[in-house]
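The block underneath contains the structure these notes are about, expressed in structure tokens.
A short reminder: the numbers here are calculations on the coordinates, not readings from a lab. Model, not experiment: these values are computed from the prediction. Virtual Cβ from ideal backbone geometry, glycine too; neighbours counted across all protein chains shown.
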Amino acid sequence: MSDVYEASDVDLVDDNAESPDQFGGERPARIVGGVLGLMGFVTALLVGLLNANPGLIIVTRALVALIVCCVIGRIIGRIGEICVEEFLMRYREENPIPGMPEALKRLYKKRADQEALKGQFTPKA
């Protein structure tokens, strides 16, 4: 059995962090807002060009679509964040990390003692 700890899917969130900003990554709400805003902008541009509207009207409508879709995307992203946070909290409560069994603790201690003894009594060449 290996002493290396392997992370599971649930270990992606640090329990000691106070907010998702401390993880060094972008918040999902910002990503969803940005992507949805750009999609609204491009869609408004294409629809305006296909309808042969004047350039100023196309750009104005595209900017309005960008702002509205970005706000809606942030709201949707934040709702998703809250759902994930609640799921992780409930999962941790229902599936706590079990402690190390006593037999395994004794085995590790015995192995450490044996290694220590090997280091003390090395034959001299």
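Can you list which of the chymotrypsin sites (Phe, Trp or Tyr not before Pro) found in the range 45-125 are DSSP loop residues with at most 11 other C-beta atoms within 10 Å? Walk me through the intermediate numbers first.
Numbers: sites: Phe87, Tyr91, Tyr108, Phe121; in loops: Phe121.
Answer in residue order: Phe121.
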Under 9 Å, Cβ to Cβ, from Pro28 - net charge with Lys/Arg +1 and Asp/Glu -1: +1
